[in-house]
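Here's the structure, in structure tokens; my notes come after.
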Amino acid sequence: MSFKFFLKTSLFVIIISALSYFSIGIIQEKYQLMDIEEYSPISTLKVPINKLYRSKFPFVDIHSHQFDMPVKDLSKLVVEMDSLNMAFLINLSGSGFAAFAGNQKLMDLNLSKSLKNVKENYPERFGVFLNIDFKKIDQEDFAAKNIEILKNAKKQGAIGLKIYKSLGLSDKDNDGKRISINDPRLAPIWETCGKIGLPVLIHSGEPQSFWSPKDKYNERWLELRQKPGRYRDPKIYPSFDSIMSEQEEIFKNHKETIFINAHMGWMANNLDHLSDHLDKYPNVYTEIAAVLAELGRQPRRARKFLIDYQNRVLFGKDSYNVSEYHVYFRVLETDDEYFDYYRKRHAHWKIYGLSLPDSVLKKIYYKNALKILPNIDSNLFNN
């Protein structure tokens, strides 16, 4: 191929591509074609709007991730917390990113430095949970080592254990076999947490739609398109139901341990089922992080559920973003109708306020947290 022919061919391809791109634009404009990500209609509905920027009562955020806590300037974070009326924040990622790499020395260092930063600056405003590396489950001294890790973390000031979703989904042993949540080799960990008073916040599985076909009927289609790695191919992953069954088994077998089932156990879209779940396992609490949109689209049923189970639900947010807390306050506290959730891929629907009674708000915002986390100073709250 001559260089001249190459230039002519390249120019031809560029011209055709430009014409195609231009033609597509004209066709889209003519026939008003757009992607679902572009479509953002402005509602003409005239209803009361009560945007809230501060919660009615001080609250505990039971579910936050501050991976940089060992080196973080906590004073800036406290200013933001004060603006929201957040009295206490719990960093679930006490062992840092090292927990995902499985480097125990770095995990221990991250935890100790996180606790040191809190203790030296704002001991009354922050709590830290530790994390465990389950991939070393084949080691003979796995249980003994982790029991020691739990006890040492408690002595240093850690107030709970956070379990990531990788347990039950992707964590594997030396033989490449998936580690189930109810693996009997993990029983000493759950038992120890109960004995020494470390609540276990456990995130198991994903929204059930992540296992469903990626088609027009899937409510999470947009999220699976934007985040394709979140799809759980049934040929690769265990089923949603099997993961939930494994989780329930540890709840049943360790009645003396307090578990906090993260994200409402991915049952916020089926509150009858979650009600049965909480009735069955009195040692289990739950929290509302990242499932607010599910509650907001069923305001009457969600309100009844939160009133009925007001002693078992905690406030949680997950990813830290000041403006997103405002939507939580609006859903929990107002009776506003038909407004937007803050992340389209989680909810393409509108949501509604629940207008919870003050007595219920206080329990969700802080009283239930005080009950299971006695390390939190009750003087931070207007009881």
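No value in this document is a laboratory result; all are computed from the given coordinates. Please read these numbers as outputs of a predicted model, since none were measured by experiment. Glycine also receives a Cβ, built like all others from the backbone with ideal geometry; neighbour counts cover every protein chain displayed.
Each listed q (0.13 Å⁻¹) maps to a log10 I(q)/I(0) for the stretch 220-365, found by the Debye formula over equal Cα scatterers with no solvent: -0.63. Shown is the FRET efficiency for K216 and N50, computed with R0 = 35 Å from the Cβ-Cβ distance and rounded to the nearest 0.05: 0.50.
The label point for W349 and the one for I236, both projected 7 Å from the Cα toward the Cβ, are 2.9 nm apart.
The ratio of the alpha-carbon radius of gyration of the stretch 87-146 to the globular-protein estimate 2.2 N^0.38 Å is 1.25. If I take R0 = 45 Å and measure r between the Cβ atoms of D138 and V79 in this structure, what FRET efficiency does the formula 1/(1 + (r/R0)^6) give, to the nearest 0.05? FRET efficiency, D138 to V79: 0.45. Using every pair of distinct Cα positions in the stretch 285-383, the Kirkwood expression returns a hydrodynamic radius of 13.9 angstrom. At a Förster distance of 35 Å, what's the computed FRET efficiency of D377 paired with R301, Cβ-Cβ distance as r, to 0.05? With R0 = 35 Å, the Cβ-Cβ based efficiency is 0.50.
So what's the angle, to the nearest 10 degrees on a 0 to 90 scale, between helix 322-333 and the longest Cα principal axis of the chain? In the chain, helix 322-333 runs at an angle near 70 degrees to the longest axis.
Maximal additional length on extending the D276-Q226 stretch stands at 14.6 nm, based on 0.36 nm per residue less the C-alpha distance. Which angle between 0 and 90 degrees, to the nearest 10, do you get for helix 271-280 versus the longest principal axis of the chain when only C-alpha atoms count? It works out to around 20 degrees. Per-residue Cβ neighbour counts within 10 Å put S378, S93 in the sequence S378, S93, beginning with the fewest. For the stretch 59-380, what's the relative contact order in percent, using C-alpha pairs closer than 8 Å and at least 6 residues apart? It comes to 16 percent, rounded to a whole number. Ranking of W190, W221 by neighbouring Cβ atoms within 10 Å, starting from the fewest: W221, W190.
Separation of the alpha carbons by more than 28 angstrom is noted, of K154/K371; K344/K367; K46/K304, for K344/K367.
Under 19 Å from a label point set 7 Å out along the Cα-to-Cβ vector of N253, the amide N atoms of the stretch 209-242 belong to 238-239, 241-242.
Think of it as helices only: each DSSP H run of n ≥ 4 in the chain is worth -39500 (n - 2.57), and spread over all residues that comes to -12000 deg cm²/dmol at 222 nm.
Note down the Stokes-Einstein diffusion coefficient of the stretch 222-278 in µm²/s, whole number, using a Kirkwood radius over alpha carbon pairs, 37 °C, and 0.692 mPa s. The Stokes-Einstein estimate is 245 µm²/s. Antiparallel beta bridges, as assigned by DSSP with both residues in the chain, represent about 10 percent of the total such bridges.
Quick check for you: which residues of the stretch 274-301 have the amide N under 15 Å from the point 7 Å beyond the Cα of N311 toward its beta carbon? From the stretch 274-301, the list is 278-286.
Rounded to whole Å, the principal axis extents of the Cα atoms in the stretch 59-380 read 56, 50, 36, largest first.
Rounded to the nearest 10 degrees, the angle from helix 104-121 to the longest Cα principal axis of the chain is 70 degrees.
With the cut-off at 28 Å, tell me which of the pairs K56/K113; K136/K162; K113/K151 have Cα atoms farther apart than that.
Violating the 28 Å limit, Cα to Cα: K56/K113.
Size of the stretch 141-256: Rg and Dmax of its alpha carbons, in Å, are 16.6, 52.
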